[in-house]
1. Please list, ordered by chain and number, the residues whose modelled amide H lies under 5 Å from the amide H of residue 225; skip anything fewer than 5 residues away on the same chain.
2. Go through 474-486, 447-459, 214-226 and give me the packing order, highest mean Cβ count within 10 Å leading.
3. Using modelled amide H (1.01 Å from N, peptide plane; none on Pro or chain starts), what sits under 5 Å from the amide H of residue 573, excluding residues fewer than 5 places away?
4. Based on the mean of other beta carbon atoms within 10 Å per residue, what is the order of 64-75, 462-473, most packed first?
5. For 435, 497, what's the fewest-to-most ordering of other Cβ within 10 Å of each Cβ?
6. Arranged by the count of other C-beta atoms within 10 angstrom, fewest first, what order do 117, 314, 499 take?
7. Enumerate the calculated ³J(HN,Hα) couplings along segment 432-442 in order (Karplus 6.51 cos²θ - 1.76 cosθ + 1.60, θ = phi - 60°), each rounded to whole Hz, writing x wherever the residue is Gly or Pro.
8. Checking the a/c ratio against 1.5 first, then a/b against b/c, what shape does the Cα gyration tensor give for segment 214-328?
Amino acid sequence: MPVQLCAPLLSTRSRGVVFLFVAVLLLIAAAGSAFSAPRAGIKVDRTDTLTAEQRYKGTKEYAARLEQENSLGKARGNWLNCARMFRAIHVSERKGVLGPTSLFMEARTYRRMFDLFRMPQDLESARSSFLELADLYPGHTLADDALFEAAVCAGMTPGKEALASELYRKIITFYPQGDQVEKARAKVSPKKFEPAKPQSPAQATESPAPQHLASLPPVKYWASEDYCRIVLQPAAPVAFTAQVLDQQGDGRLRRLVIDLARSYIAPKLRQPLPVRHGLLKSVRPEQLDDETARVILDLTSLSEYKAFSLTDPFRVVVDIRGGTAVVKEAQSAEAQAPLPVGPQPVQPADKDKRPAVASVLAQPPVVSLTEQKKRPPRVDAATPPPAIKGKSQEKLSLAQQLGLGVRTIVIDPGHGGKDPGAMAFGLKEKDIVLTISKKVAKILKETYRYDVVLTRTKDIFIPLEERTAIANTHKSDLFISIHTNAHSDRSKSGIETYFLNLATDANAMRVAALENATSTHSIGELQDILSTLMQNSKIDESTRLARSVQSNLISGLSGLYKPRDLGVKQAPFYVLIGAEMPAILAEIAFITNPEEARLLQNERYLDAIAAHLAAGIAAYVDHHHTAAITL
């Protein structure tokens, strides 16, 4: 009933209450319309409906307004918001083309803030972001620009002059074709290394590395009775060689040496390290000469070894097998040549000659990477042979022919700790995959009675090479790495499973480079390394395992969730390199897709993924047994 009609029925006090109530309702309605409607002249967009490219463009336009409009630019908080907007884009697009550019713009925004407001923390934030870009994207065209800007910031910071010189030298050494190299040379001239004067032991322990040499931290190792993985991580990419140094009196080869050019081991780190764990007896670091660091590995036995390099960050990985007395002839001719002394010149790659496996030069050039990653497998990968006796049978692997079973399975939750992986909608890849991996491990243990090892059981960072070493030292029969996918296009969705194999064209090399955050030059060397590291039987088994997991995930989830089947694909993933068992990498959803992100927050969906992933592994094992029995 309208207030005017009911007013005669109300007392004066009651009418006052009613009118006050109506006034409050009108004020609330007016306030709501004020908040929901954009002010005149200002365009308001819902950020959750914008693409990454639109958000980046809008943030750049906002940065331009800060420069041009004094009313906006004089407030430091506006600049800080702009920097945070660029950081948010970088976090969600870390693996895409906007990852490095948004990070560069964040760093430039902090640098501009320092110019305007002279606050030291802004200069520190700028330097940190520039260095982060150079570390994450060493092959990107902005990498040398970021290093130069970081050097400028360091030069403006009291006490950071030495760091500035070091960064200029890095540009000269690693980006000789970049557009910042001449400016870097103008800032600093390389100094010739002079041997240190005799010092007391106390002084020697504090001796810093010469600025033009890469310092070498303590050696990392993982060892079992017949396997050992050594990882050396110099502060910068360097040339290296690996070879057998000598032969013991009983005819067994038991000593392996790795020489790193342009490298330096601090005196306090040159003490022999007794290990006496399985295959590895001791590690002996030493400074061979002014510019060559040497690491000697004493082994109980040595039958074969393989040495290769990985990037982001650069490290040298050496896989060693013990057992027989003779090193296999699979090692390169260079590895059998006399051990070179001193640094080796970096030569351009010869397209017609495969580089030696035991001597890999890593000096990333400036490369512009395109978006998109991974590619479908070649048609001929693990192609079933013709039908026999009216039945379609796959070619049996060596393990099947020998009747070998599967007992130990290693589950690898991707990322962790300081590496969150892909992030979107408040979710982090590292948390999701750890939850799913634990569920998979529980099912494989309780339902299928396998021995299961998790590479991590909590939120910690584990380097990629350590994950594979864990599988090898546990003598695992299968290795499954679990991840979530990401894409700048939020409509991308689906499940895909990968096995380790070579890229087959230039575009595939760029794709692998983007996924591994390295340059196509390094991936080109990786191609040759992989051709030696991998055997066809393992590729075939990994393909079968990938197909079984992919098939079970899609068929099992199709009833309620209807995921998009992106198929089985191949790519040179670092985490799979050196695995001595069938190994795959499963991308179980796109964390950047709104619908799949919503599902990833549903415990029932995570349970379903884990159940069908485990079923895919069990189906592979079952086929593994029955194929051998029915032959």
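Taken together, the values in this text are just the output of simple stated rules run on the coordinates, not laboratory data. Note that the structure is predicted; figures quoted are calculated from it, not measured. When we count neighbours, we look across all protein chains shown, and the Cβ atoms used for this are built from the backbone with ideal geometry, even at glycine.
1. Amide H to amide H, under 5 Å and 5 or more residues apart or across chains, residue 225 pairs with 279.
2. Values: 474-486: 23.9, 447-459: 15.8, 214-226: 18.2.
Most protected by this proxy first, the peptides run 474-486, 214-226, 447-459.
3. Excluding prolines and chain starts, which carry no amide H, the hits are 501.
4. Details: 64-75: 12.3, 462-473: 22.2.
By packing density, highest mean first, the sequence is 462-473, 64-75.
5. Working: 435 18, 497 26.
Taking fewest neighbouring Cβ atoms as first place, the list is 435, 497.
6. Details: 117 14, 314 22, 499 27.
Ascending number of Cβ neighbours within 10 Å: 117, 314, 499.
7. Ordered by residue, 3J(HN,Hα) equals 5, 5, 5, 4, 5, 4, 5, 5, 4, 4, 5 Hz.
8. Numbers: a/c = 1.75, a/b = 1.59, b/c = 1.10.
Note, shape of segment 214-328 comes out prolate.
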